[in-house]
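The values are calculated or read from the model by the stated rules, or taken from the named source; none is laboratory data. Since this is a predicted model, take the numbers as computed values, not measurements. Please note: Cβ atoms are built from the backbone with ideal geometry, for glycine as well, and neighbour counts cover all protein chains shown. Just so you know, the surface numbers come from the protein's heavy atoms only, side chains and all, with ligands and any DNA or RNA stripped out. Shrake-Rupley method; radii C 1.70, N 1.55, O 1.52, S 1.80 Å.
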Amino acid sequence: MTGIGAAAVVALAGVAAGTMNTVVGSGTLITFPVLLSLGVPPVTANVSNTIGLVPGTFSGAYGYRRELTGQRDRLLRLGSASLIGGIAGALLLLVLPASVFRAVVPILIVLAVALVIAQPRLSRRFVGQAHEGSHGRHPVLLWVLVLLTGVYGGYFGAAQGVLLVATMGALLDRDLQRVNGLKNVLSGVVNAVAGLLFVLLADPNWVYVALIAVGSTIGGQLGAAVGRRLSPTVLRAVIVVVGLAALTKFLFFP
């Protein structure tokens, strides 16, 4: 597929990814396989995808601004962990050979799909266990886990949002909508710092970056506006199918 058809597919994938990132996370499992299917090399696809999704994550965060009220201290404290982790993960992607990325990505996709499938059970468990204090319980552990999630997000990013919701839901807050708003900002920080490094040091496909950026910005607003009314089961099913398609592409059609 080339030309207008490819551009339309990438733009629509950006809309879907922006919507899913805002609602449940894992939008990368939409756009990344699409870029692979168009013949974009894996590392270039990952770099282009990360940069393109930056506007969408902040669009979704803006859509959840009501849920962010009163969370300034949390944003500053946990944002520092996401900032450091995102830089570290992006540098790992740039420093390690492309062969390492190709070897690791199938494992990361399997992990991401498993987390998406497990999310309902994790959420139910965390709602009953969470702590509503301003710093949560085990604040140092929470900061370290957000840092490690940032490393993962800077390196690949699929299901970064699911990891953040699981971690913060367990250690921070009972209200998962407030956690989701916080997740959108922290994911945006990781994508932004990783994207900045990729702009300076990597070689993204700027046409696909622009298409994903426009699509994900629209999707971020859609996710914030109608995400709570969409069926989480349907969204998870779509993500799982696309993730398995990406895994098939990697393993059997290199």
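Averaged over residues, the count of other Cβ atoms within 10 Å places the peptides 185-193, 37-45 in the sequence 185-193, 37-45, highest first.
What does the accessible area per residue of the range 1-114 come to in Å², with a 1.4 Å probe and no ligands, DNA or RNA counted?
So the range 1-114 comes to 39 Å² accessible per residue, rounded to a whole number.
The portion of the accessible surface of the range 52-124 made up by carbon and sulfur, rounded to a whole percent, is 71 (1.4 Å probe; DNA, RNA and ligands excluded). Computed extension gain for Ser99 through Ala118, at 0.36 nm per residue and net of the alpha carbon distance, reaches 3.9 nm. Subtracting the Cα-Cα distance of Leu201 and Arg66 from 0.36 nm times their residue separation leaves 45.0 nm of extension gain.
Label separation (His138 vs Ile4): 5.5 nm, computed from points 7 Å beyond Cα along the C-beta direction.
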